[in-house]
Amino acid sequence: MFNEERDSPQFDWNQLGDIIWGRPILGSRTTVMAYRLMQFTLRDAMIRHVGVELANRIFYEAGQQAGKAMYQQLAAPEDFTHFVQQLTDLLEEQSIGLLKVEKADLDNNRFTLTVAEDLDCSGLPESNEMLCTFDEGLLAGLFAAYLGDDFMVKETDCWCTGDRVCRFEVKPVKAP
Ligand SMILES: [Zn+2]
């Protein structure tokens with residue numbers, strides 16, 4: 001799991017740079033192909049060096065860090081609905097995916113979320129692998145930042161396993 005003291009250097013939003021200044025013609029535009037080409041070749045290289053399990057953990061932890069940084073970009077949420085609304089808008093605006101909350105148990109902080117048209121996996125060939133490890137970490141980081149506890153996120157359905165949305169179970173790390 002991501003540990004703030006141990007893991008340095010720390011990602012800072014400023015590392016993303018001044019995109020409009022640096023890319024006056026192309027701006028923020030990119031393509032899913034460019035993203036997936038980097039993501040899957042990087043994943044392959046990591047697997048060659050450290051194996052699947054550790055590669056997945058690295059993606060998960062990177063996602064957690066991204067989620068925490070992304071949370072800082074949201075306005076302070078007034079309540080859960082406001083948090084979800086901002087998150088849904090941001091994920092759609094950044095073309096990451098179309099988020100829906102399928103179940104929310106606010107007493108126990110357990111949630112089921114779906115992401116349609118997911119940036120990582122929608123349209124990929126079927127396999128037995130749940131591929132959206134970065135997204136698991138991203139959601140874990142976002143929920144941890146909002147609810148102030150450590151969260152664990154597990155993908156239970158994925159495009160790659162034959163479903164047409166990715167489904168994520170979110171729960172506190174210390175939940176039974
Ligand atoms: Zn997926």
- Note on the structure: Counting only residues in the stretch 136-157 that are within 12 Å of the ligand (Cβ to nearest atom) and either over 14 Å from the mean Cα position of the chain (by Cα) or farther than 17 Å from Leu119 by Cβ (or both), the one surrounded by the most Cβ atoms within 10 Å (Cβ to Cβ) is identified as Asp157
- Task: Determine the pairs where a residue that is among the small types (Gly, Ala, Ser), located within the stretch 118-135, has a partner that is open to solvent by less than 20 Å² (accessible area, probe 1.4 Å) with Cβ atoms under 6 Å apart, the partner being 6 or more residues away or on another chain.
- Result: Ser127/Cys160
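Being outside any helix (DSSP H, G or I) and either of a type outside the set (D, E, K, R) or surrounded by fewer than 10 Cβ atoms within 10 Å (Cβ to Cβ) (or both) is true for just one of Ala34, Ala45, Ala76. Which residue is that? Please lay out each step first, then the result.
Details: Ala34 fails: outside any helix (DSSP H, G or I); Ala45 fails: outside any helix (DSSP H, G or I).
It is Ala76.
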- How many of the residues in the stretch 127-176 are in a loop (DSSP other than H, G, I, E, B) and farther than 20 Å from Leu106 by Cα? 10
- Task: Identify, from the list Val50, Val84, Val101, the residue that is out of contact with any strand residue (DSSP E or B) (no Cβ under 9 Å at 6 or more places or on another chain) and surrounded by 12 or more Cβ atoms within 10 Å (Cβ to Cβ).
- Result: Val50
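The values are calculated or read from the model by the stated rules, or taken from the named source; none is laboratory data. What you are looking at is a predicted structure, and each value in this text was computed from that prediction instead of being measured. Every residue, glycine among them, receives a Cβ derived from its backbone with ideal geometry; neighbour counts consider all protein chains shown. Side chains included, ligands, DNA and RNA excluded: accessible areas come from the protein's heavy atoms. Shrake-Rupley method; radii C 1.70, N 1.55, O 1.52, S 1.80 Å.
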